[in-house]
Amino acid sequence: MKLTHFRTPLFSSLLVLMAACSTTSNRDKVVMVKPQPVPVTHSGYGPTTYSGEFAKPAVLEPAVEFWRKTYAVWRRSEVAIHDDRNLDVIYEVVTLPGNVGEGLTNQQKDVMNQRKEFWKAQLSALENKVRYGAPLNSNDHQILAKIEASGKPSAKFINGASERVRSQRGTRERFKRGLEISGRYDLQFRKIFREAGLPEDLAYLPHVESSYQLNAKSSAGAVGVWQFTKVAAQTFMPGHESVEHRSDPFLAANGAARYLNHAYSKLGNWPAAVTSYNHGIGGMKRAQNTMGSDFNRIVDEYDGPAFGFASRNYYAQFLAAREIASNPHQYFSEGVAYEAPVSANQYLASR
């Protein structure tokens, strides 16, 4: 497995959607394990009640909160300028000018890039002042206050901060639309995971992968709600490697269940198994071999090949999506119009 990025018009160059299962070795024998299923109850077409199958360590809460804001607070017209390793350090939330659609105009891209460069310059200058003991101005003190409010020691944090500046565009509209579309598939997806002996809340993964965009496609050829590549399908969807089959939400959900069962059997815990959907089983095994099985340590310290921002944050994104999707009215007070469920047979008949 190897991380592959694709960029949609909505996210331009800002939002990375992850392609699942792209370099798992076909030589690995798929071993199905049976973790204890999680009881759930269903409520209409909408969210389900879930229990605590997926751990959320306190150290991950800043990242989870960041993704909650990305998914349910910041709109597509808003861009957060932030530190890419400490997601509770947000320097500014920029409101883009004009009518902001799925794609950005050149003017809007320029505004975003100018604000990123502004903060890089500010932090670079502040780093030099701190290093050489030069006097600080009021702007410098405001920046240090933002850092200290997150509980980080400012003197250590500021070192290299200018190289960690990143921008993240809000996805509130897209996430809400994904919730609405998920009404079609949620019950069937949960049934698939339940029958595989897996936690049903894995059905929330498409919110991270594709926002339930049926036509989502990556530059590496991953397609559909579950973002399966042809190589992954050869192992986990044997006989269904075509684009049409990989784009089928139900066929791909069965493939995802096989993959996640295999990942859990290899990695031994759900944070690592979920992250492997982005970074690959082999990649996560290398991380465990280097850092041990402590997932928090892997996220905080591991710097292996391709384990970048997307892989480091994938589990936090899943937790945030799970929290929002399981209690949408807390985040979308205007309500969510879930679409009616369809069965696999109904889906096939409609195509």
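All of the numbers you see were taken from the coordinates with simple rules; none came from a lab. Quick caveat: nothing in here was measured; it's all calculated off a predicted structure. In this analysis, Cβ positions are derived from the backbone assuming ideal geometry, glycine residues included, and neighbour counts consider all displayed protein chains.
Assorted remarks:
- Two-decimal log10 I(q)/I(0) for segment 78-169, as the Debye equation yields it once each C-alpha is a single scatterer, q = 0.14, 0.15, 0.22, 0.23 Å⁻¹: -0.52, -0.58, -1.05, -1.12
- Straight-distance candidates among the lysines for linking to Lys191, with alpha-carbon spacing under 27 Å and chain neighbours fewer than 8 residues away dropped: Lys29, Lys34, Lys56, Lys176, Lys217, Lys230, Lys266.
- At an R0 of 56 angstrom, the distance between the Cβ atoms of Leu136 and Lys230 translates into a FRET efficiency of 0.55.
- Averaging the sequence gap over all C-alpha pairs within less than 8 Å and six or more residues apart, then dividing by the number of residues, gives segment 78-169 a relative contact order of 42 percent.
- Compactness of segment 226-322 as Cα Rg over 2.2 N^0.38 Å, two decimals: 1.11
- When the square roots of the Cα gyration tensor eigenvalues are ordered a ≥ b ≥ c, the ratio a/c for segment 285-351 is 1.5 or more and a/b does not exceed b/c, which makes its shape oblate.
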